[in-house]
Amino acid sequence: MDAAKPTIGILFGGCSNEYPVSLHSAAAVMQSIDAKRFDIVAIGIDRSGGWHRYGGDARSIEDDSWLETGRCTPIALPFGQEAHGVIDLSSGTLVHLDAALPILHGRNGEDGSVQGALQLAGIPVVGCGVTGSAVCMDKTISHRIAAAEGVSVPEGALVDIRMSNLEMRHVAERIGYPLFVKPPREGSSMGLSRVESPDCLARALACAFAYDSEAILEREIDGAEIGCAVLESGGTLIVGEPDEIELNGAVFDYIEKYSCEVASIVVPARIAERDALRVKRAAKRLFRALGCTGFARIDFFLASDGRLLFNEANTIPGFTAHSRFPSMLEAAGLSLEEVLTVAIEEALANAETPADTHMLAYA
């Protein structure tokens, strides 16, 4: 490797339900990153949580044959602020990393756990750190912060698996149908259901409880789903052109998010310029309030009555060429290669700053 170039670890795989999504995103990142600026160490995490240094190409990541290629060696994180790398267990040598970019969607990757492990090993994280990742992963907490910041959120309530069916039915009746049921700490719409009547509530709750011990019941918003990509550069925030999910009668669940068999994504969103500006301003505001750093995708509902409501924040959005996050920034004039360069250089520039010094800016 060229000693003059920073070495960036690209983490992929993981033991969450979104393992396949991570593979596609990581393959796109490896193919798009500027090899003239950065050296790459690919780090694959298998479904059981084992870490491997992978020396093959991106195609074997995308088709999930990377672990069987014979190009993997086991690695581990050495805890200590002076480590700045991973240990190759086959040779006992330290592989230096100037920073690491986790492309790990969902639990055990997007929730602050990996970010904390990297922090303990003295490896700067590209993207959100421990605080922003943990806060944004929990939809209940992020909604409370957004509301405290003056950004509206959909009417909803949290129920617990220990509650009786009758209690949960009363909560649903108070919110009103149709409503959505979803686990509060899961990504890619895992466990999401749309419920039109009380008869379908128990099934939807069982689906959500398969992923979490709690579930959010949230009233359906009549309007459009709008997203906004935020990228940090030199302490300032760059926003992409907001996008719009055209549902065409579908529920934007896990299948639709990654196949778009019925739904489609429109960039830029077909909304008035004043509404696009409202989305951009709110996205920047929430990026800071939620403790995000590096990059994130902030999602909203633009209700038919004109209200703008916060939906959720994704701290590790999809990174394929056709994913929402890079598409929004491309519409604003930045290629995926440029986005990755900005994000990595931001992490390298902040490497000397104590981790998670960003305060949650809400009262």
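For Gly109, indicate whether it is in a helix (DSSP H, G or I) and under 26 Å from the mean Cα position of the chain (by Cα).
Numbers: in a helix (DSSP H, G or I): no; under 26 Å from the mean Cα position of the chain (by Cα): yes.
No, not satisfied.
To keep it simple, each residue is scored yes or no on (1) in a helix (DSSP H, G or I); (2) surrounded by fewer than 23 Cβ atoms within 10 Å (Cβ to Cβ).
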position	(1), (2)
Thr293	no, no
Leu302	no, no
Phe319	no, no
Ile344	yes, no
Glu352	no, yes
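Where residues in segment 213-249 are closer than 20 Å to Val195 by Cα and of a type in the set (Asp, Glu), which of them is surrounded by the fewest Cβ atoms within 10 Å (Cβ to Cβ)?
Ranking the qualifying residues of segment 213-249, first place goes to Asp222.
Each row is one residue, and each column tells you yes or no for (1) assigned by TED's automatic domain parsing to the domain that holds Asp111; (2) within 20 Å of the chain's Cα centre (by Cα); (3) in a helix (DSSP H, G or I); (4) at pLDDT below 95.
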{"position": "Asp2", "(1), (2), (3), (4)": "no, no, no, yes"}
{"position": "Asn17", "(1), (2), (3), (4)": "yes, yes, no, yes"}
{"position": "Val21", "(1), (2), (3), (4)": "yes, yes, yes, yes"}
{"position": "Ala35", "(1), (2), (3), (4)": "yes, no, no, no"}
{"position": "Gly56", "(1), (2), (3), (4)": "yes, no, no, no"}
{"position": "Arg59", "(1), (2), (3), (4)": "yes, no, yes, no"}
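Output the residues belonging to segment 280-291 that are surrounded by 24 or more Cβ atoms within 10 Å (Cβ to Cβ) and touching a Pro at 6+ places or on another chain (Cβ under 9 Å).
Ala283, the sole residue that qualifies.
Residue pairs, Cβ under 7 Å, 6 or more apart or interchain, first in segment 165-185 and within 22 Å of Met137 (Cβ to Cβ), second part of a helix (DSSP H, G or I) and of a type in the set (Val, Ile, Thr). List them.
What qualifies is Pro184/Thr140.
Considering only strands (runs of 3 or more DSSP E) fully contained in segment 180-253, which possess at least 3 residues that are among the basic types (Lys, Arg)? It would help to see each step written out before you state the result.
On the way: elements: 193-195, 214-219, 223-233, 236-239, 243-246.
Because the criterion is at least 3 residues that are among the basic types (Lys, Arg), no strands (runs of 3 or more DSSP E) in segment 180-253 meet it.
Output the residues belonging to segment 326-342 that are over 18 Å from the mean Cα position of the chain (by Cα) and in a helix (DSSP H, G or I). Let's see the steps before the verdict.
Applying the first criterion (over 18 Å from the mean Cα position of the chain (by Cα)) to segment 326-342 yields 330-335, 337-338, 341.
Within segment 326-342, Glu330, Ala331, Glu337, Glu338, Thr341 qualify.
The values are calculated or read from the model by the stated rules, or taken from the named source; none is laboratory data. No experiment lies behind these values; they were computed from the predicted model shown. So basically every Cβ, Gly included, is an ideal-geometry build from the backbone, and we count neighbours across all protein chains shown.
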